[in-house]
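What follows is one structure encoded as structure tokens, with my remarks underneath.
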Amino acid sequence: MRLSQVVRSGPGQYLCQTGALGFLAPKLQHFQQPCIIAGEKSLAAFKRAMPETTATAAAGADVLIGIGGGRALDTAKGTAELLNVEYITLPTVLGTCAATTPLSAVYWPDHAFRSVDYYHRSAYLTLVDLALLITSPRDYFLGGIGDTLAKWYEAEAITRHQPAETLPVMVRMGLAAARECRDVLLRDTPAALDSMTAGEVSPAFQRVVEAILAVAGMVGGCAGESGRMAGAHAIHNAMSHLPETHSVLHGMKVAYGILVQLVATGDEQEVVRLLPFYRHNGFPYNFATLGITTPAEEAIGLLAHYAAREQETFRLALPGVTEEQIAAALRRVEQLACDAYSLSGAGR
């Protein structure tokens, strides 16, 4: 059985509150040689909150402490797998659910997507400190919201081909988690962003944080391959072949991919419903807002080619999908965004 089919609903231990980092030292008493894996900015943010923390080099480490966003946490997870040791995750940004999932997104050196690698261990401990995260970068928060919103749309598309009553209970649990993510984000995102602007932790901020970091991880953790990536992530992966999008955060590309998937699967009215939410909160909804400078038809052809490949995940949402179908969906999203923009009276 593949690891992607095994139910693993989350970390061994999880704590989300203001001041959660204060529990790190007591937890580390169970280990002899902790080693930190972090980027410079993430480590600096962590040190401001926990200046007394020390760790050894990787040689002989019995626990790895991943500090940062998806890249640092995924690196810690992959390294722990190679060393066969426990790992702890301390997210300092809100870009993905990497803090609670036993897998990594892996890229080639040129930033093109390579694969998703699954690991035998889940996190020994995940500490989510709201006081640290309220000061984290807003753009990563937006990216995390976009990535998490896709959980419902991708999982629902994957499972709609099977009668709900025949789905295994754990798959239905994953779908329930995905639906909760969607509902929390569509309701609480504006208030959570206002909280971040004010620098004040609020109930709405905590709900959105936990949807991104914890509940989102439960979708695939419970539903297995029925709760994994589908059309939205296939568009993200295809976009990695457009160099001008390399600076666009993962979750923002995925958010755009949701719209393309919805059109392709015949759910255009949901796109119409989502577009005001996208525009109000700053999510990309067309090529212009993604910063795509490649001529439109050339970009459409490239994205459709890569997203429709046999090894890609778009076909999980739409079995047998073709390049032509994805290209048509991309064009339609451009038109719907243009129509919504015109109807709103913007630019007058």
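The values are calculated or read from the model by the stated rules, or taken from the named source; none is laboratory data. Note that this is a predicted model, so its numbers are computed, not measured. For neighbour counting, all protein chains shown are included, and Cβ atoms are generated from backbone atoms with ideal geometry for every residue, glycine included.
Please verify whether T322 is hydroxyl-bearing (S, T, Y), outside the structural domain of A112 (by TED's automatic domain parsing) and either touching a residue at least 60 places away in the same chain (Cβ under 8 Å) or in contact with a helix residue (DSSP H, G or I) (Cβ under 6 Å, 6 or more places away or on another chain) (or both), treating the condition exactly as stated. When the stated conditions are applied, T322 does not pass them.
From the list A211, A177, A192, A198, the one residue that fits, being surrounded by fewer than 16 Cβ atoms within 10 Å (Cβ to Cβ) and modelled with pLDDT of 95 or more, is A198. Looking only at residues in region 274-288 that are in contact (Cβ under 8 Å) with a residue 24 or more places away in the chain and assigned to a helix (DSSP H, G or I), the one that is farthest from R187 (Cα to Cα) is F287.
Scanning region 99-126 for residues that are outside any loop (DSSP other than H, G, I, E, B), at pLDDT 90 or above and either under 15 Å from the mean Cα position of the chain (by Cα) or surrounded by fewer than 21 Cβ atoms within 10 Å (Cβ to Cβ) (or both) yields A99, T100. Among the residues here, T96 does not qualify as polar (S, T, N, Q), at pLDDT 85 or above and assigned to a strand (DSSP E or B).
In region 289-303 there is at least one residue that is closer than 21 Å to I145 by Cβ, at pLDDT 95 or above, small (G, A, S) and under 22 Å from the mean Cα position of the chain (by Cα). The residues of region 67-93 that are within 12 Å of P11 (Cβ to Cβ) and either under 17 Å from the mean Cα position of the chain (by Cα) or at pLDDT below 95 (or both), listed by number, are L73, K77, T89, L90, P91. Taking region 237-273 as the range and being assigned to a helix (DSSP H, G or I) and surrounded by fewer than 22 Cβ atoms within 10 Å (Cβ to Cβ) as the test, the residues that pass are P243, E244, E268, Q269, E270, V272, R273. When you check E165 against the structure, is it crowded, with 16+ Cβ neighbours inside 10 Å and either outside the structural domain of Q32 (by TED's automatic domain parsing) or more than 17 Å from the chain's Cα centre (by Cα) (or both), yes or no? It is false that E165 is crowded, with 16+ Cβ neighbours inside 10 Å and either outside the structural domain of Q32 (by TED's automatic domain parsing) or more than 17 Å from the chain's Cα centre (by Cα) (or both). In the set A80, A72, A61, only one residue is hydrophobic (A, V, I, L, M, F, W, C), closer than 21 Å to A25 by Cβ and touching a Gly at 6+ places or on another chain (Cβ under 6 Å); that residue is A72. Would you call A234 in a helix (DSSP H, G or I), touching a Leu at 6+ places or on another chain (Cβ under 7 Å), aliphatic (A, V, I, L, M) and at pLDDT 95 or above? Judged against the criteria, A234 is not a match.
Within region 301-317, is there a residue that is aliphatic (A, V, I, L, M), more than 19 Å from Y153 (Cα to Cα) and crowded, with 21+ Cβ neighbours inside 10 Å? Within region 301-317 (the criterion being aliphatic (A, V, I, L, M), more than 19 Å from Y153 (Cα to Cα) and crowded, with 21+ Cβ neighbours inside 10 Å), the answer is yes, since at least one residue qualifies.
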